[in-house]
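K.L.:
Pasting in a structure now, in structure tokens, and then I'll have a few things to ask.
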Amino acid sequence: MNIQKLLSSVRQAKKFRPLNDFHRSPRSGIDVIDKEFNDVLFLLKELFKQFKASGCKIDISFYGEVFVSLPESVHRFELAISNRPTIKNAEVLLKKLESIQIVKLDNIDIDDTLVVSIKTIRSRAKWKHYSVSEFKSDYCEFADTILKELRQRVRYYNNPDSNEWTVNDSSTEDKLAAIHFGGALLGPASMLSYLSKHLRKVIYVKDLSITGNQITVNKSYFTEETNHYFGKKEEAFFDKYLLGYAAMRIEHDNHN
């Protein structure tokens, strides 16, 4: 496991993170402002060193998700870093709520805190959040705390989650997000802008495929399929932002 390659993958995936703004179920990963990104890479580097020393396996997905596997377990975990608002004097505010229904928060009551979050790749699993500032740059203690939490969770799992899991996949939600992002990025002259507006009115999309220069949308369990065709600029967009599209396009071209 080469730590520099892992960090390069995180940096490379940063350009795909805007997709999350159009995603109904955003992917986890590194979501901080540009001026904090290098500091977060340093934090990740130090955590990765400790994870590697403990025998963990680390994977980075196409979209920048960070996955950690314990050497003694088949279970995997997501690791995310972001700024989360924290409320100062929460106990005082909760006390006020005992006598009044609404408490107005001012800017002085809230801080943005850099947080590392972990969650088991398992249905109904919940995130555990750690404030980076609490560890005062003691990355060894920080990594040990995370690993202790992971091992403690594993003790309560009898079997792996039955859902299939891969480091990289492209779901219907990812394709929808790509269409909405493409519509916004390429502008009203793109067919993706028209399709994005149309799909926002659709309550349920059963399946969506993007192959060659065609988007096929299946809107329900009944036969309600529509086909939409796009050109070179949309093709270039999907080549960059949609996992697996380039390979599918080449395969499609070889069969035609």
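K.L.:
Which numbered condition trips up Arg124, out of (1) modelled with pLDDT of 70 or more; (2) surrounded by 14 or more Cβ atoms within 10 Å (Cβ to Cβ); (3) within 25 Å of Asp31 (Cβ to Cβ)?
P.N.:
(2)
K.L.:
Applying the selection to segment 18-64, what residues are of a type in the set (A, V, I, L, M, F, W, C), closer than 15 Å to Ile81 by Cα and in a helix (DSSP H, G or I)?
P.N.:
The first filter runs over segment 18-64 and keeps only residues of a type in the set (A, V, I, L, M, F, W, C), leaving 19, 22, 30, 32-33, 37, 40-44, 47-48, 51, 53, 56, 58, 60, 62.
Remaining after also requiring closer than 15 Å to Ile81 by Cα: 30, 32-33, 37, 40-44, 47-48, 60.
Within segment 18-64, Phe37, Val40, Leu41, Phe42, Leu43, Leu44, Leu47, Phe48 qualify.
K.L.:
Taking interchain pairs and intrachain pairs at least six residues apart, which have beta carbon atoms under 8 angstrom, with the first residue in segment 31-50 and in contact (Cβ under 8 Å) with a residue 40 or more places away in the chain and the second assigned to a helix (DSSP H, G or I) and among the charged types (D, E, K, R)?
P.N.:
Qualifying pairs under 8 Å: Asp31/Arg17; Gln50/Asp144.
K.L.:
Restricting to segment 156-179, name every residue that is over 12 Å from Tyr63 (Cβ atoms) and modelled with pLDDT under 80.
P.N.:
Result: Tyr156, Tyr157, Asn158, Asn159, Pro160, Asp161, Ser162, Asn163, Glu164, Trp165, Thr166.
K.L.:
Sticking with this structure for a sec: Does segment 127-158 hold any residues that are within 19 Å of Phe48 (Cβ to Cβ), part of a loop (DSSP other than H, G, I, E, B) and open to solvent by 80 Å² or more (accessible area, probe 1.4 Å), and which are they? Before you say what the answer is, go through the steps one by one.
P.N.:
Filtering segment 127-158 down to residues within 19 Å of Phe48 (Cβ to Cβ) leaves 128, 130, 132, 135, 137-151.
Subsequent filtering for residues that are part of a loop (DSSP other than H, G, I, E, B) retains 137-138.
Answer for segment 127-158, where residues must be within 19 Å of Phe48 (Cβ to Cβ), part of a loop (DSSP other than H, G, I, E, B) and open to solvent by 80 Å² or more (accessible area, probe 1.4 Å): just Ser137.
The values are calculated or read from the model by the stated rules, or taken from the named source; none is laboratory data. All of these numbers come straight from a predicted model, not from anything done at the bench. So basically every Cβ, Gly included, is an ideal-geometry build from the backbone, and we count neighbours across all protein chains shown. Accessible surface areas use protein heavy atoms only, side chains included; no ligands, DNA or RNA. Shrake-Rupley method; radii C 1.70, N 1.55, O 1.52, S 1.80 Å.
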